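Below you'll find the structure, written out as structure tokens, and then a few comments.
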Amino acid sequence: DREQRTNTHSYALALHPETLELLDTLGLADRVLESSRQLSKVGIYEGDHPKATLNYSTLALKHPFLSVISQGELERILVESLSEKGHKPLWNHRARFIEQTPDKLKVSVDRLTEGMTGYAVAHIEMQIDKILDYQANYLIGADGHQSVARHIAGINFPETAPSIDYAVFEFKTDADLPNEMRLIIKDDKTHIFWPLPNGYCRWSFQVNHGEAPTQSLQKDHHLLQYGNHGYPLLDREHLDAFLAENAPWFEGSIENLNWRMLIQFEHRLADSFGKHRIWLAGDSAHMTPQAGILSMNVGMREAVDLVDRLASGTTDAERQKALAGYNTQRLAEWEHLLDLDNHISAVDQTASWILGHRTSLIGNIPASGETLSELLAQLHLIEAA
Ligand SMILES: Cc1cc2nc3c(=O)[nH]c(=O)nc-3n(C[C@H](O)[C@H](O)[C@H](O)COP(=O)(O)OP(=O)(O)OC[C@H]3O[C@@H](n4cnc5c(N)ncnc54)[C@H](O)[C@@H]3O)c2cc1C
């Protein structure tokens, strides 16, 4: 990893029931449960009025709830577990180039180190200490939305829907927070509320297109987003106004307002999940709506699936066959998850309001597979095969 360490903040913040089950197979579920807040419901609101509830607790799942945990904490648990197994990520290593030959990959990697630089004002910058050369049969590119692996494999990453801008605030409160995630649909906007562990909560208020800087979804591992960064929309006055307008039910203090950002969420899907010897998992292949946390959750399963397929074959021909299956299945799964094939319809009149707001819901329900189908059924929505 080109960074110096894991994330220091939240970003994606909830695990789906199936992801917790996956972590259970690695012996990590208890650690996640200790550090997370469990939510068994998602409330769908029209402004101030509850319109529908998705209830995970009625589903036949081993863990029938969402586990809200900061991405930084989750990554800490994963790295700790790797280290217990005797593995250590190579921090400060940046893939610079990947060359594909017919029978192998050559990967050159910059080993980075901190160095002092600057003439008038000295500052610390990462510098290349050494260039390392590796050879591999296959490479899994889990290198995020600006993936070098995807770029070098020549895979396109087109938009599936227009980007959406949000003003995001995280703070501590003395309010007795409802123990559910809320999607608040008001006029042409969708806002998101998450209760977090330890009395914190996160609010994402959709703002007009163009309010957030483009390419704002760049992780900054070094800077927590303190202050309003010169964006008036992140002022305390705007937060008060957003809350009064969209969530008048929220009555509580606002303390430790230590994270606020204007973020543009893009929606993209790779037109292939891999080619030849380079294969993709996670954000390198998809960027999805904010509330569903699909990219991270499904992405973790993709990584496991790829490893299984690569480990299953003994010849290249067998592996290529298994990988071709990965590509077909992943593309079909994402078409379905993002309803690109328009396969969701109403069972009866009860669902007409919900269906009228399909763009607010698609990708924003934190579930996939059978769980998603069952939750959609709770909304009187049905999926065509
Ligand atoms: C501010 C912010 C808020 C977010 N909020 C949400 C949210 O509310 N809901 C949601 O669903 N998602 C959210 N996301 C997105 C979420 O974080 C991603 O879906 C998730 O992190 C994807 O995981 P990943 O491992 O695929 O990619 P990443 O987490 O991006 O990890 C990729 C890793 O690859 C490393 N890397 C990249 N290029 C190279 C290279 N050339 N060489 C070596 N290493 C490299 C990076 O350093 C990084 O550690 C947010 C993201 C950000 C930045």
Task: Accessible solvent surface per residue of the chain, calculated while the other protein chains remain in place, 1.4 angstrom probe, Å² - done: 47
- [ ] Would you mind listing how long region 40-195 runs along its three principal axes, going by Cα atoms, in whole Å with the largest first?
- [x] 58, 50, 40
TODO: Using only protein heavy atoms and a 1.4 Å probe, report how much of residue 272 is accessible, in Å² to the nearest 10.
DONE: 10
- [ ] At a 1.4 Å probe radius, which order do 42, 304 fall into by accessible area, largest first?
- [x] 304, 42
Open item on the list: Running a GNM on the chain with Cα contacts under 10 Å, which residue among 336, 87, 238 ends up with the highest mean-square fluctuation?
Closed with: 87
Task: Per-residue HN-Hα couplings for region 78-95 [Karplus 6.51, -1.76, 1.60; θ = phi - 60°; Hz; x = Gly/Pro] - done: 5, 5, 4, 5, 4, 5, 5, 8, x, 10, 9, x, 8, 5, 6, 10, 10, 5
Open item on the list: Which entries of 106/275; 106/321; 104/130 have Cα-Cα distances beyond 18 Å here?
Closed with: 106/321; 104/130
Task: Net length gained if the chain between residue 317 and residue 211 were fully extended (0.36 nm per residue, minus Cα distance) - done: 33.2 nm
Task: Relative contact order, percent, the chain [alpha-carbon distance under 8 Å, six or more residues apart] - done: 18
Task: Dipole of region 25-71, positive end: most advanced residue of 69, 59, 44 [Cβ charges, Cα centre] - done: 59
- [ ] For region 1-99, divide the Cα radius of gyration by the Kirkwood radius and give the resulting Rg/Rh value with two decimals.
- [x] 1.10
Open item on the list: With a 1.4 Å probe and all protein chains kept in place, how do 173, 160, 58 rank by accessible area, largest first?
Closed with: 58, 160, 173
Task: Relative contact order %, region 55-172, counting alpha carbon pairs below 8 Å whose residues are six or more apart - done: 16
Task: Inter-label distance, nm, simple model (7 Å from Cα along the C-beta direction), residue 51/residue 303 - done: 3.6
Task: By accessible area with a 1.4 Å probe, ligands and nucleic acids excluded, highest first: order of 108, 67, 345 - done: 345, 108, 67
Open item on the list: Relative contact order of region 307-375, please, whole-number percent, based on alpha carbon pairs below 8 angstrom and at least 6 residues apart.
Closed with: 20
Open item on the list: Quick check of the Kirkwood formula: for the chain, what is the inverse mean of 1/r over all pairs of different Cα atoms, in Å?
Closed with: 22.4
Open item on the list: Once ligands and nucleic acids are excluded and a 1.4 Å probe is used, how much of residue 300 is accessible, expressed in Å² to the nearest 10?
Closed with: 40
- [ ] Quickly rank 279-285, 315-321 as a protection proxy: mean count of other C-beta atoms within 10 Å, highest first.
- [x] 279-285, 315-321
Open item on the list: Just to be sure I understand the model, the point goes 7 Å from the Cα along the line to the Cβ. What's the resulting residue 83 to residue 231 distance in nm?
Closed with: 3.3
Task: Size of electric dipole in the chain: Cβ of Lys, Arg +1 and of Asp, Glu -1, about Cα centre, debye, nearest 20 - done: 980
Task: Solvent-accessible area, 1.4 Å probe, carbon plus sulfur percent, for the chain - done: 52
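The values are calculated or read from the model by the stated rules, or taken from the named source; none is laboratory data. Because the structure is a prediction, the values reported are computed rather than measured. Reconstructed Cβ throughout: ideal geometry from the backbone, glycine too, with neighbour counts over all protein chains shown. For the accessible areas, the whole protein counts, side chains as well, though only heavy atoms, and no ligand, DNA or RNA atoms are used. Shrake-Rupley method; radii C 1.70, N 1.55, O 1.52, S 1.80 Å.
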